[in-house]
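Structure record follows, encoded as C-alpha cells.
The values are calculated or read from the model by the stated rules, or taken from the named source; none is laboratory data. All values reported here derive from a predicted model rather than from experimental measurement. A quick note on method: Cβ atoms are made from the backbone with ideal geometry, for glycine too, and the neighbour counts reach across all protein chains shown. Heads up: the accessible areas ignore ligands, DNA and RNA and are worked out on the full protein's heavy atoms, side chains in. Shrake-Rupley method; radii C 1.70, N 1.55, O 1.52, S 1.80 Å.
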Amino acid sequence: ARCHVKQDCLAAYLEAAEVADKAVKESEPGMLHHTFDQDPTDPLAFTWSEVYKDDASLLFHLTNPPLVKFVEQHGEMGDDFSVEIYGTIAPATKEACNALPFPVKYFDTKFGYSRVA
C-alpha cells in the first residue's frame, strides 16, 4: 500500500503504523514479509511492502482488526492511500479487493519466479 501522511500528523501516524505492524506480526502467520518503507524524496510518503503465503492470508489481512483500525486511523491522519497488488490472485480475492474503500491496481504475473516460501 502507498500512503501519504498529513504533515502535522507524522509522529502519531508512525506510532499507529508501528502498532499495526507489531499486531500483524503476532496475528498473521500467513504474512511472510511486512515492512513500512519511507519514500526517499518525500518524508510524508510511505509504502507497506507485503508478501502473503496465499490468497487466504491476504483475505484475512484485509479483515484483521488491527489493520482495520490502522486504515481508520489513516483516514484521520493521511491524505492519500492506494494499493498495488503484484502477482496473479484468484478472481474471488480480486473481487474482495475491489470492494475496498481505496483504489487497488493489479499487476498480474506474466512470468518469473520467487524464492520466498
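Which far-off residues, 5 or more places away or on another chain, put their amide H under 5 Å from the one on G78, with H placed in the peptide plane?
The answer is K6.
Kindly write out, for the stretch 19-31 in residue order, the coupling ³J(HN,Hα) from the Karplus curve 6.51 cos²θ - 1.76 cosθ + 1.60 (θ = phi - 60°), rounded to whole Hz, with x marking Gly and Pro.
After applying 6.51 cos²θ - 1.76 cosθ + 1.60, I find 4, 4, 4, 5, 5, 5, 4, 6, 10, 10, x, x, 8 Hz.
Given the protein chains as shown and a 1.4 Å probe, how many square angstrom of T88 are accessible, to the nearest 10?
Spelled out: T88, probe radius 1.4 Å, area about 90 Å².
At 0.36 nm per residue, and after removing the present C-alpha to C-alpha distance, how many nm does the segment from K25 to T63 gain when stretched out fully?
Working: separation 38, 0.36 × 38 = 13.68 nm, distance 1.48 nm.
Stretched fully, the K25-T63 segment lengthens by 12.2 nm.
No solvent, one uniform scatterer per C-alpha: report log10 I(q)/I(0) for the stretch 35-92 via the Debye equation at q = 0.14, 0.15, 0.19 1/Å, two decimals.
Calculated log10 I(q)/I(0) at the listed q: -0.48, -0.56, -0.86.
Using only the alpha-carbon atoms of the chain as identical scatterers, what base-10 log of I(q)/I(0) does the Debye formula give at q = 0.14, 0.16, 0.19, 0.23 Å⁻¹?
The computed values of log10 I(q)/I(0) come out as -0.60, -0.78, -1.10, -1.53.
Considering only protein heavy atoms and a 1.4 Å probe, what is the carbon-and-sulfur percentage of the accessible area of the chain?
C and S atoms contribute 56 percent here.
Measuring from label point to label point, each 7 Å out along Cα→Cβ, what is the L32 to L14 span in nm?
Taking the simple label geometry, L32 and L14 are separated by 3.1 nm.
Take F107 and T41, extend 7 Å from each Cα along the Cα→Cβ direction, and tell me the distance between the two endpoints in nm.
With each label point 7 Å from Cα toward Cβ, the separation is 1.7 nm.
Sort K94, K22 by accessible area with a 1.4 Å probe, largest first. Don't skip to the answer; put the middle values down first.
Working: K94 50, K22 120 Å².
So, going from the largest accessible area down, we get K22, K94.
Residue by residue through the stretch 54-65, which ³J(HN,Hα) values in whole Hz follow from phi under the Karplus form 6.51 cos²θ - 1.76 cosθ + 1.60 (θ = phi - 60°), with glycine and proline marked x?
Result, rounded to whole Hz: 6, 4, 4, 5, 5, 4, 5, 4, 5, 10, 5, x.
Report the residues of the stretch 64-94 in range of a label on R2: point 7 Å along Cα→C-beta, backbone N strictly under 16 Å from it.
Once the point is set 7 Å along Cα→Cβ of R2, 79-87 turn out to lie under 16 Å by backbone N, inside the stretch 64-94.
Work out which chymotrypsin sites (Phe, Trp or Tyr not before Pro) in the chain are exposed loop sites (DSSP not H, G, I, E or B, at most 14 other Cβ within 10 Å) and give the longest gap free of them.
1-110
Dipole of the chain (Lys/Arg Cβ +1, Asp/Glu Cβ -1, origin at the Cα centre): which of Y13, T88, C3 lies farthest to the positive side?
Going by the charge dipole, the pick is T88.
Starting at the first residue of the stretch 69-80, write each ³J(HN,Hα) from the Karplus equation 6.51 cos²θ - 1.76 cosθ + 1.60 with θ = phi - 60°, in whole Hz, x for Gly and Pro.
Residue by residue, the stretch 69-80 yields 4, 4, 4, 4, 5, 4, x, 8, 10, x, 10, 6 Hz.
Within straight cross-link reach of K6, meaning Cα distance under 30 Å, which lysines are found once same-chain residues fewer than 8 apart are removed?
Candidates past the 8-residue exclusion: K22, K25, K69, K94, K105.
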